[in-house]
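Q: Please read through the structure below; I'll follow up with questions.
None of the figures in this text is laboratory data; all of them are computed from the coordinates on show. Just so it is clear, the model here is predicted, and its values are computed rather than measured. Note that each Cβ is placed from the backbone with ideal geometry, even for glycine, and that neighbours are counted across all protein chains shown.
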Amino acid sequence: MNRSVCYFSLFRVFCTSPPNTMSGHNILTQLESIHVLDLPYVERDLNFAQMVSLSFLLYGDEHSTATYILQKLLVLARATASDWSHSDILSQYAKSKPQTWRKYLVEALCIIGARQVLRKLGLCWQELRTHYLPHVGEISLHIHPLLKSLYTICEELTLAQRGRMVLDIKEKNSVGDPLRFYDPEYLEIFLLDWLTRRLIRLGDINANGSDVQLLIEYFKFNDLHAQATLLVKTVNTNATSSCSPATPNVLLPMDGNGIANESSSPTAAASRPRAKNALQLSREKAGIALIINQQKFYRDVSDDHKVYLPPIELPPRNGTDMDKQRLTNVFSKLGYRVEAHDNLDHLSMLHHIRQACERSLLLDSLVVCILSHGFEEAVYGANSIALRISDIENVLCSYENLYEKPKLVVIQACQENKEDQENNALPYKIDASTKSPFQYLNMLRAMSTVPGFPALRHTQTGSWFIQCLCDAIVEHSNSDHIADILTIVINNVANKRGNKNETMVPWTGGALRQHVYFPPTSATDKVVPDSPGQ
């Protein structure tokens, strides 16, 4: 069937029905009539400004997806009109949310006022306006309420006001690499950039854990009180009384004019004091963060090793580069010297781990992150030969210059118990002698999944575990010790659901003898330093 005919036929069918008869139930019925093959035609009917706004509303509520769509929009912004008119932004969104994409899409189309598209989809604007209330800035049904408020603000500001806002916030909050985009007409692109850099935070769907204080203060200082009030009302209208422990909420009481009163509430910068008698890692000597990123795998090994190959070829791990880049950015900002390596065979993995151990004599800690395929208690090298995770830990604990220093091993790999793989481990004994149990003090392992189960990874935005781990470190490293941060990660990952209702629970274990805190960060520590191996 020609989908362009289907796209318009819905409108013709709807127009034969009596007006003003669409109930909320009928709206849901009409939504189910929208087919994924209609989406390229929807995109064709939207101009680039509308596509930017729509992408912001649909993708902006999770850090990894916001990063993805920001990069996508930056590429399209530099392309010709014919290129972006054939993009697949909406199709990709539908694939990421196969059960719910229709209701999110239609609400977002209502918010941006795309009436022509909605009519062609067979939907009545007046009924949708009553159902979704697109004209009420602080209330939404499916779209994150703060995204809706921020879009409303983008529409309210003049081009000159947008330009001043972009310049002022970039000047006062310069972090990392510049955006290299200069058109304030598309203010949502800058907002996506600030979201990915954590200058602003949306919190959960009820705005618990949100932090838009930077924007509120800017609007107040520049006499844009209506915009400041909208953000305050959005947070206070949607936030619940109890907040997730992972995202402490900052509700802003309002004065008589409806403006946030800073003097009567804690600021977002306030943090809990660190526990006494804890091990505090320093920025100057934080340590090495070794990242082993296995994206591609091969089976061309010596005859002696062929017996240890898995029965089937290991597929590429698409999306793992997003994890590598995120880990690089997060640990660099903590003062770690990041050394990232791609597609190492099992012997090269051991070599780089030993090298990092040897160079840690004058450093406070060592972090080893391995992103690969695996099975229970093992991870694969790029040559499809596996290492035992316990052997890797024994290597770390065998070096005298790491005794009692924090040694964190992060494993992103499936841990399924497969009988046909249970013997696929390193074919010879590793020389890693440990003579005392005290050598294992402050050894800590963080696994993406409990033993016996697969680990989930998004092919475009990275893995649940690594992205949540990085989020938690960024948000809580100044106030929470490592063990508590990992507890937050377990909770956040356990609350996620995949397209087919998949679930995952991370696992941690170790022998910390005291609380251990990552090096502190501050507003002046946001520039990512150059690090060898990046």
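Q: Please enumerate, by chain and number, the lysines with C-alpha under 25 Å from the C-alpha of Lys276, excluding those fewer than 8 residues away in the same chain.
A: Here the lysines satisfying the reach criterion relative to Lys276 are Lys285, Lys333, Lys405, Lys407.
Q: While we're here: Give me the dipole magnitude in Debye, nearest 20, for segment 285-525 about the Cα centre, with unit charges on the beta carbon: positive for Lys and Arg, negative for Asp and Glu. The partial results should precede the final answer.
A: Values: 23 positive and 28 negative charges, 80 e Å.
Using only the charged Cβ atoms, the result is roughly 380 debye.
Q: Assign one of three labels to segment 285-525, namely rounded, prolate or oblate, based on the Cα gyration tensor with a ≥ b ≥ c the square roots of its eigenvalues; rounded applies when a/c is under 1.5, prolate when it is not and a/b is larger than b/c, and oblate otherwise. Don't skip to the answer; put the middle values down first.
A: Numbers: a/c = 1.63, a/b = 1.17, b/c = 1.39.
Taking the square roots of the gyration eigenvalues as a ≥ b ≥ c, segment 285-525 is oblate.
Q: Near Lys72, which lysines are there with a Cα under 17 Å away, not counting those fewer than 8 places off in the same chain?
A: Lys95
Q: List the trypsin sites (Lys or Arg not before Pro) within segment 305-362 that DSSP assigns to loop and that have no more than 16 neighbouring Cβ atoms inside 10 Å. Don't skip to the end; give the middle numbers.
A: Values: sites: Lys306, Arg317, Lys324, Arg326, Lys333, Arg337, Arg354, Arg359; in loops: Arg317, Arg359.
Passing both the DSSP loop test and the Cβ count: Arg359.
Q: Still on this structure: For the residue pair Val307 and Gln460, what label-to-label distance in nm results when each label sits 7 Å from Cα along the Cα-to-beta-carbon direction?
A: Placing both labels 7 Å beyond Cα along the Cβ direction yields 4.6 nm.
Q: Report the label-to-label distance for Asn491 and Val136 in nanometres (one decimal), using points 7 Å from each Cα along the Cα→Cβ vector.
A: Result for the modelled spin labels: 3.1 nm.
Q: Starting with the fewest neighbours, write out Thr449, Thr158 ranked by other beta-carbon atoms found within 10 Å of each beta-carbon.
A: Thr158, Thr449
Q: Select from Ile143, Leu121, Tyr132 the residue farthest towards the positive end of the dipole of segment 51-196; place +1 on Cβ of Lys and Arg, -1 on Cβ of Asp and Glu, and compute about the Cα centre.
A: Result: Leu121, furthest along the dipole toward the positive end.
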